[in-house]
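For reference, the structure is listed below as C-alpha cells.
The values are calculated or read from the model by the stated rules, or taken from the named source; none is laboratory data. Computed from a predicted model, the values in this text were never measured in an experiment. When we count neighbours, we look across all protein chains shown, and the Cβ atoms used for this are built from the backbone with ideal geometry, even at glycine. Side chains included, ligands, DNA and RNA excluded: accessible areas come from the protein's heavy atoms. Shrake-Rupley method; radii C 1.70, N 1.55, O 1.52, S 1.80 Å.
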Amino acid sequence: MLALRSALHYLAGQLRQVGLFIALIVIILFFQVTTNGITLAPINVSNLIVQNSYILILAIGMVMVIIAGHIDLSVGSVVAFVGAMSGVMITQWGLPWWLAIIFCLAIGALVGMWQGFWIAYFGIPAFIVTLAGMLTFRGLTQIALQNQQISPFPDSFRSLGSGFLPDLGGGTSALEPLTVIIGVIATVALVAQDLRQRAARRKHNLEDEPFAWFLAKMIFTALLILLITYLLAGYRGTPIVLIVLGLLTVVYSAVMANSVWGRHIYAIGGNRFAAELSGVKVKRVTFTLFVNMGILAALAGLVFTAQLNLANPKAGDGFELDAIAAVFIGGAAVTGGIGTVMGAIIGGLIIGILNNGMSILGVGTEYQQLIKGLVLLAAVAFDVFNKRRAASSTK
C-alpha cells in the first residue's frame, strides 16, 4: 500500500510528462480508428516522419531558446532564405551539393551571430530582434530568388529530405533488413542507457522514480521504437532524415542534461540574475544559443528545400508558429527554465499527427487551425494549472 501511494505521489508530480504521452497515444488511436487504419499504415508513418522532419529540427533549437527565456520568430524566414541560397549555389553557381550544404550551414551560423549579438550584447529583447529578422530574411529571400522559384535539384541533394537508406534485402524481403538492425540496436541502446542512468542516480541517492513506473515507461518506449521499426521496414526502410533527426535528438538531449552549457541554459531561464551572480556568462551563453538556432534553422531549410525539390520565396511561412507550438505542447514553461528536447519532439509529433489525420479525414484548413489553436491553449493552461497546484501544495 505504501509503495502504491509513493508511486501515485510520484506520478502526480510528473503529471505534465505523463499527460503528454497519454495525449499522444489517444490521438494516434483516435485517428487510427477514424481513418480506418490509414494513420499507422507503413507508407503514412514514413510520410509523417519525412513531412514533419523540418518542424522537429526547428523544435529542437526552439525549445533551448524558450528554456532560456527567449523566443525566435525568424526561423521560418531563415528556412526560406537558406533554401533560396542553396538553390542559387547549386543551380546557378554550379557548386557541388555537399559544398552548398556546408556554405548554407555557415550562413545559418552567421544569421545566428547577427541576431545573437543584438540580443546578448546590445540588450534588445529577442522578440524584437527576431521579429526584425523575420522581415529582413524574408526580404533577402525574395531578393535572392528575384521572386521566382528555382528547381530542380540534383538527386544527391534531394535525398537529404526524401531519400532512404539502402535496402540490404534488394527489395525481395518482407522487412528491410537494415531498418530492422537499426531499430533493434536503438532499442537495446535506449534500454541500456536508462538502466545505467537509474543505477547512477541510485548510487548517489537521487532516485525517486518508482521501479514499477520506470519499468513500464522503459517497456513502452522500447515497444514504440520496435513498432516504428516494423512499420518503416515494411515500406521502403529508414528515411535519411530520420537518422539526422535521431542523431540531433540524442546529442541535444545529452547536451541539455549533462553539459555545463545545457545547465547554464536552464539556469538563465530559471532566474537570469541569480545565474549571473553565480558566475554564468549569460551574454556568451545567449549568443551561442542563437548561433545554434541559426544552424538548426539552416538545416531545416535544407531538408525542406530538398524534400520539395524547390526553392520558393514563400517557403517557411508559419514554421516558427509550428515550432513554438510544438515546444509548448511538449511541456516547456512560458516563463522559461523548464522543458526537454524529447518533449519538444513529442509536441511536434502531436501537431504532425493532428495535421495528417485531419487531412485524411478531409477537415478544412480553417478547422485545422482552430483545433491546433485550442490544443496549444489547452497545453499552456495545463502548465499554468500544474504550477498553481504545486504552489498551493507547498503552502
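With the simple model of a label 7 Å out from the Cα in the direction of the Cβ, ARG388 to ASN47 spans 4.2 nm. Helical runs (DSSP H, four residues minimum) scored at -39500 (n - 2.57) apiece and divided by the length of the chain put the mean residue ellipticity at 222 nm at -25000 deg cm²/dmol. If a paramagnetic tag sat 7 Å from the Cα of SER156 along the Cα-Cβ line, which residues of the stretch 78-92 would have the backbone N under 13 Å from that point? Residues 90 fall inside that zone.
For the pair PHE21 and ILE143, a Förster radius of 41 Å applied to the C-beta separation gives a FRET efficiency near 0.35, rounded to the nearest 0.05. Straightening the chain between ASN36 and LEU277 buys 81.0 nm, computed as 0.36 nm per residue apart minus the Cα-Cα spacing. With protein chains left intact and a 1.4 Å probe, residues in the chain average 49 Å² of accessible area per residue. In this rough spin-label picture, where each label sits 7 Å from Cα along the Cβ direction, the ARG196-VAL380 distance is 3.9 nm. When the surface is traced with a 1.4 Å probe over the full set of protein chains, LYS281 keeps roughly 120 Å² accessible. Packing here is the average count of other Cβ atoms within 10 Å per residue, and on that basis the peptides 286-299, 129-142, highest first, run 286-299, 129-142.
When TYR54, TYR121 are compared by accessible area at a 1.4 angstrom probe, the order from most to least is TYR121, TYR54.
Expected output is a single nm value to one decimal: the length gained when fully extending between LEU178 and TYR367, i.e. 0.36 nm times separation in residues minus the C-alpha distance. What is it?
Working: separation 189, 0.36 × 189 = 68.04 nm, distance 4.01 nm.
Full extension from LEU178 to TYR367 adds 64.0 nm.
Once all protein chains are placed together, PHE103 keeps about 90 Å² accessible to a 1.4 angstrom probe. From the largest down, the stretch 214-279 spans 55, 30, 15 angstrom on the principal axes of its Cα atoms.
In the chain, what percent of the accessible surface is made up of carbon and sulfur (1.4 Å probe, ligands and nucleic acids excluded)? Present the calculation step by step, with values, prior to reporting the outcome.
Values: 13430 of 19390 Å².
Solvent-exposed carbon and sulfur of the chain make up 69 percent of the total.
Computed across the stretch 275-395, the Kirkwood radius stands at 17.0 Å (inverse of mean 1/r, all Cα pairs). Dimensions of the stretch 122-165 based on its C-alpha atoms, expressed as ranges along the principal axes with the largest first, amount to 45, 29, 13 Å.
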